[in-house]
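The structure appears right after this line, and notes come after that.
The values are calculated or read from the model by the stated rules, or taken from the named source; none is laboratory data. Keep in mind the model is a prediction, meaning the values are calculated, not measured. A quick note on method: Cβ atoms are made from the backbone with ideal geometry, for glycine too, and the neighbour counts reach across all protein chains shown. Please note that ligands, DNA and RNA were not included when accessible areas were found on the heavy atoms of the full protein model with its side chains. Shrake-Rupley method; radii C 1.70, N 1.55, O 1.52, S 1.80 Å.
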Amino acid sequence: MDAYSVHGNTLHPHTVEQSRIVEQSRLARQSSTATASKTLFVDGLEVHVIRKPIKRLYLRVKPPAGEIVVTAPNRVPQRDIVALVRERKDWIARARQHVSSPASQQAQQPWSQERIDQAHAILNQRIPPLLRHWVPIIGKSPTALTLRRMKTRWGSCTPATGRIRINLELAYLPEQYLEYVLVHELTHLWERGHGAGFQRRMTQYLPQWKQLRSQLNNIVLR
């Protein structure tokens with residue numbers, strides 16, 4: 001028999017207990033990786049809540065309709081989610097206004113070879129003047145700079161090799177965002193992480209960098 005061991009006519013209790021423990025362990029593993037979702041209404045705001053086996057609460061406003069999404073740890077009480085939404089109501093209002101802006105809508109357009117070629121042409125025109133301005137200020141220069149489509153990042157840097165990659169999507173956003181990403185990645189040639197040293201340099205170079213970062217992060221990449 002599948003879960004039990006029978007000797008003669010006797011069903012051994014320890015075998016049943018072992019089977020129960022194995023089943024509980026299997027269910028616990030499933031629970032630890034499962035996700036669940038529901039909708040809350042907080043002071044008139046519709047909030048889509050996704051629960052996952054994570055450690056922190058995350059709040060996003062998604063284009064094009066400004067959907068409010070909270071990703072929450074499985075065991076966080078609902079009152080903590082409600083408190084987060086209430087605390088960030090002003091930010092949510094600004095983010096909803098931003099994701100409905102022409103710049104954000106432009107970033108959601110489908111890609112074609114024509115769009116890719118156009119993005120390359122735009123960035124190849126915009127980036128050299130920015131490098132000429134910022135490289136002497138920051139004191140670091142990339143060994144190579146690559147333009148590519150990226151689904152999760154606006155830019156990336158490999159400090160060990162000095163290579164920087166820039167998302168083609170930035171061609172279709174206001175140039176201030178391209179400048180922020182370029183300065184961000186050049187700064188990583190000094191500072192590998194985002195700790196105090198990185199933040200100190202960024203504030204020195206671009207005092208408004210946190211505002212630009214927040215605005216840019218409200219634009220959802222495809």
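So here's what we get for this one:
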read-out	value
Residue match in segment 157-168 (condition: assigned to a helix (DSSP H, G or I), in contact with a helix residue (DSSP H, G or I) (Cβ under 9 Å, 6 or more places away or on another chain) and open to solvent by less than 50 Å² (accessible area, probe 1.4 Å))	yes
Leading residue by the ranking (most open to solvent (accessible area, probe 1.4 Å)) among those in segment 136-156 that are basic (K, R) and in contact with a helix residue (DSSP H, G or I) (Cβ under 7 Å, 6 or more places away or on another chain)	R149
Strands (runs of 3 or more DSSP E) lying entirely in segment 40-105 (those with 1 or more residues that are out of contact with any His (no Cβ under 8 Å at 6 or more places or on another chain), over 30 Å from E175 (Cα atoms) and at pLDDT below 95)	45-52, 67-73
Hits in segment 43-91 - residues which are farther than 26 Å from K210 by Cβ and in contact with a helix residue (DSSP H, G or I) (Cβ under 8 Å, 6 or more places away or on another chain)	D43, V49, P53, N74
Number of positions in segment 121-158 that are in contact (Cβ under 8 Å) with a residue 40 or more places away in the chain and in contact with a strand residue (DSSP E or B) (Cβ under 6 Å, 6 or more places away or on another chain)	4
Lone qualifier among M202, M150 - being within 19 Å of I116 (Cα to Cα) and either over 18 Å from the mean Cα position of the chain (by Cα) or not in a helix (DSSP H, G or I) (or both)	M150
Inter-residue pairs, beta-carbon under 8 Å, first exposed (fewer than 15 other Cβ atoms within 10 Å of the Cβ) and in segment 85-107, second modelled with pLDDT of 65 or more and part of a helix (DSSP H, G or I), 6+ apart	Q106/Y172
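Let's see how each residue does on (1) touching a Phe, Trp or Tyr at 6+ places or on another chain (Cβ under 9 Å); (2) at pLDDT 95 or above; (3) farther than 20 Å from P136 by Cβ; (4) basic (K, R):
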{"site": "I164", "(1), (2), (3), (4)": "no, yes, no, no"}
{"site": "P174", "(1), (2), (3), (4)": "no, no, yes, no"}
{"site": "L182", "(1), (2), (3), (4)": "yes, yes, no, no"}
{"site": "H188", "(1), (2), (3), (4)": "yes, yes, no, no"}
{"site": "H194", "(1), (2), (3), (4)": "no, no, yes, no"}
{"site": "M202", "(1), (2), (3), (4)": "yes, yes, no, no"}
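Table: residues versus (1) of a type in the set (S, T, Y); (2) more than 16 Å from P129 (Cβ to Cβ); (3) open to solvent by less than 60 Å² (accessible area, probe 1.4 Å).
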residue	(1), (2), (3)
L173	no, yes, yes
E179	no, no, yes
V183	no, no, yes
T187	yes, yes, yes
W190	no, yes, no
H194	no, yes, no
W209	no, yes, yes
